[in-house]
Each structure stands twice: as C-alpha cells, then as structure tokens.
Amino acid sequence: MEVKLSKQQKITVNDAQDIYLIMRQILRRENKIGQGQEHFWMVGLNQENRILYIELVALGSSNMANINPREAFRMAIYKLAVQVIMIHNHPSGNVTPSTDDQDLTDHFIQAGKFLKVEVTDHLIISDKTYHSLVESGIFKKLQASERWILPYKLKKKIRNEGKEEGRIEMAKAMKTDGEPIDKIVKYTQLSIEEIQKL
C-alpha cells in the first residue's frame, strides 16, 4: 500500500536523519491503527536521491524475515526507482538490529543487485530514535556477504578465483626458474608489483 506524501515530504535524502524525520511522522500516523505491530516500508529514490514513493509492504508480521523481495521491489520496478531504503519499526523501542534483520538486509541487497535497484540502507525506527545499518557499519559487511549471492554469480566468482590462483602459481614457477619479470607479466597478466611480492 503506497503511503500518501505531501510535497514537503518528497525531499532529497542526504542521510539517514532526513528519512527518519519523515518516517517518524508516518509511524505516528500509522500507530493509531497498528499500535504495537511491526511495519515494513520500502522507500524508492530517483537518481537525485529524491523520494519517489514510500510503500507499506507488510504490517503486523511477527517475523519480518519472511518478507519476499518480489513483493518489496514491485513498486520500485513500477516507479523506476534506482535506489531503495528498507525501513521497519520495533514497537519495543529497542532499535538494535536482530540477526533476522541483518539476514533480511543481506537478502535484499542481493535481490537489488539482480534487479538493478540498489539497496542503500536499512533503518530500524521507533518513535524516539533510529538505527541505520549504514551508519553503524553493519551494511558494509552485509554487502560483502555471499550468503544470498546468486548461484551463477558464485560459480563465476569461483571460476575467476581459480584462474587467479593458476596465474599466481605460474608466476611463482617462472620466477623460480629465473625468467625475466617482463616475460612473467606477459604470460600471467599480473602486475610487476604483484610478481615482486611473490
């Protein structure tokens, strides 16, 4: 369900604080009907980081980890968003991300890569404060995670790593045999610095 926004709310987002101030207003409005329930929203942004839409994807779920990326990214594709921010509330007021929150973020980061819609943050909010996974450094670790990486990308990565290991082994052997560095560079495609470190 798309959330109605005023013109003043369709702002350019520069940081987590900008989006939190708007989401706190929305949370207060929605809390009148869903107090004590978790809400999960997706915020779509254009190339200039301007808000295109805010969609309430799930309400009252006891386990937000069951949210399907297909449902969550539907509006992003329809509205041609290039970036999205994940947001949900913790009715308890404790905005520390759970393991499930982090796993969901990891899953959505990979789904966004596939759909060419970049996930740029995940905010956990309450009426009084928020936690940004980007600001806390958790987001960067999740971007490097391979838990939800697509199988074809994983195969490609393994293949490339195998090639890299083969080139290193070849360079070591050529170096041991006293081959000149320029010849090692030619046959292995490694840089002079990489070869010197071996």
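Could you tell me whether the stretch 7-149 comes out rounded, prolate or oblate from its Cα gyration tensor? Rule is a ≥ b ≥ c as square roots of the eigenvalues, rounded for a/c under 1.5, then prolate if a/b exceeds b/c, otherwise oblate. Cα axes put the stretch 7-149 in the rounded bin. For Tyr53, the amide hydrogen comes within under 5 Å of the amide hydrogens of Gly44, counting only partners 5 or more places away or on other chains and with H modelled in the peptide plane. A simple rule links phi to the HN-Hα coupling: the Karplus curve 6.51 cos²θ - 1.76 cosθ + 1.60 with θ = phi - 60°, which for the stretch 173-186 gives 5, 5, 5, 4, 7, x, 5, x, 4, 4, 6, 5, 4, 4 Hz, with x for Gly and Pro. Charge tally for Ser132 (other residues, Cβ to Cβ under 10 Å; Lys, Arg +1; Asp, Glu -1): -3. Antiparallel DSSP bridges in the stretch 7-149: what percent, to the nearest 5? Percent antiparallel among DSSP bridges in the stretch 7-149 is about 70. If you average the sequence gap of Cα pairs under 8 Å that are 6 or more apart and divide by the length of the stretch 7-149, what percent do you get for the contact order? It rounds to 23 percent for the stretch 7-149. Structure note, pairs Lys4/Lys128; Lys10/Lys116; Lys10/Lys141; Lys116/Lys140; Lys10/Lys79: Cα-Cα distances above 24 angstrom occur for Lys10/Lys141.
Here the calculated FRET efficiency for Glu118 and Lys175, from their Cβ-Cβ distance with R0 = 45 Å, stands at 0.60, rounded to the nearest 0.05.
Bear in mind these aren't lab numbers, they're just calculated from the coordinates by the rules spelled out. What you are looking at is a predicted structure, and each value in this text was computed from that prediction instead of being measured. All Cβ positions, glycine included, derive from the backbone under ideal geometry; neighbour counts span all protein chains shown.
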